[in-house]
Amino acid sequence: MAFAVDGKENLARDYIGRMTGNPLSGLCLGVVATALVQSSSGVVALTIATVAAGGMTVAQAVPLVMGANIGTGVTCVLVTLGYAVRRREFAKAVPVALLNDVVKTLSVAVFFTIEVSTHALSSLAVYASEIVSRLPVFGFVFSGFPDMLDVVIMPVLKPVGGFFGWVFPGSAYGALGLGVFSFVVLILGLELMGAAAENVLKGNASKYVHNAFRTRKRGLMLGTSFACILQSSSVATSLSIPFVVSERISLREVYPYIMGCNIGTTIDPGQIASYVKFGVVGLSVGLVHVLINVFSVVFWLGIPRVGEIPLAVAERISGVIIGSRNSVLSLIILTALMFFIFPLVVIYIT
C-alpha cells in the first residue's frame, strides 16, 4: 500500500475496504478529505494510488471521486468570507460560492444515484481506459511521464516539511504545522490574486473581461483553460468573485465559467500525470473524474430549463443567508454542516 507501514498492508486494506464498502460513506469521506486538504486533485491522486495498490476497486473509488468534487467547493466559500466586512460586496459574493457548491452537489446527487444503481460510470471508464491503453502512443509517450508532484511540488515541500519535522521531532505537531502553513499560503495566494483582479477591473481591461463571459461557450472555455493552467478549480472559480462583486458580470454569466473550471481541473498536467502513472487502473479512475464533470456540463447546460435549477437553488439559499441577522455566521454554519458535520455523521452511522 502506498501509505501503509511495513507489515500492516492487510490492516490498511481492510480499513479502507470498510470505509469505502458503503458508497454513501465513501462519498462523505471524499467530501471531508478534500475540504481538509483543499485539493480535489490530491484526493483523486491518492485514490488512484490506493486502487492501484489493491486497497479498493474502481467502483469503490467512484464515490470518493464524487465526494472530492463537492469538497473542493469550500475554498470558494473561504474567499467569500474575505468580503465579510463589506456587506454589500459580501451579498454579491455569496451567490457565486453557493452556485459552485450547488452545481457540484446536485451533479453528484444525479450521477451518484446512476452509478450506485447501474455502475455505468465505472464500467464506461474501465472500458474506455482499456481501449486507450492498447494504443501505441499510450505506452510510448506516457510510460515515463513524470509525476508533477515530484517535479514541481516536492522540491519546495521537502525543505518546509523538514523544517516542521525539526521543530516538532517525533510528534504529530509537525504534520499539523505543515497543514496550517499550507492553508495560510493558500488563503494568502487567493487574496493576492483577488486584489490583482480588482486592480485589473479599474482599468480598460474590464471591457475585455465582460466580453470573455458574454456567451456560454466563451465562459465554459475560459473556465476550462484557467483551471487547467492554474491546476485548481477552486482558485480559478475564486477569481471570478471580484468580477461579480464589481458587477462587471452577472451570476448567470459566471455559471458556464464555473462549469468549465470543474472540467479544467480534471485535465490539468498534474492530474494527467497521476492518471497515466498507474496505467489502466489510474486512467480508469481519472476518466471517472473527467466524465462526471463533462456529463454535468451536458446535463445542466445542454438540457433546456434544467440548467435553471442550480441558479434558482443558489439564489434562494443566498437570499436566506443574506437576509439573516448575522449572514457571515449563517454562511459559516452552513459550510460546517455541508462539508464536515453532516458527512462525518453519515460516516459514523454507516
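The values are calculated or read from the model by the stated rules, or taken from the named source; none is laboratory data. This one's a predicted model, so the numbers in the text were calculated from it and none came from an experiment. Glycine gets a Cβ as well: all are built from the backbone with ideal geometry, and neighbour counts include every protein chain shown. Just so you know, the surface numbers come from the protein's heavy atoms only, side chains and all, with ligands and any DNA or RNA stripped out. Shrake-Rupley method; radii C 1.70, N 1.55, O 1.52, S 1.80 Å.
Assorted remarks:
- Accessible surface of the stretch 41-95 [probe 1.4 Å, protein heavy atoms]: carbon and sulfur percent: 63 percent
- If R0 equals 30 Å, the separation of the Cβ atoms of residue 342 and residue 250 corresponds to a calculated FRET efficiency of about 0.45.
- The stretch 59-134, dipole about Cα centre (Lys/Arg Cβ +1, Asp/Glu Cβ -1), debye to the nearest 20: 420 debye
- Accessible area expressed per residue, the stretch 200-350, with surrounding protein chains retained (probe 1.4 Å, Å²): 47 Å²
- The modelled label-to-label distance for the pair residue 298/residue 110, using points 7 Å beyond Cα in the direction of Cβ, is 1.1 nm.
- Rounded to the nearest 20 debye, the dipole size of the stretch 230-350 about its Cα centre is 120 debye, using +1 on the Cβ of Lys and Arg and -1 on the Cβ of Asp and Glu.
- Charge dipole (the stretch 205-350, unit charges on Cβ, about Cα centre) - positive-most of 350, 340, 302: 302
- A simple packing score, the average count of other Cβ atoms within 10 Å per residue, orders the peptides 115-124, 58-67 as 58-67, 115-124, with the highest score first.
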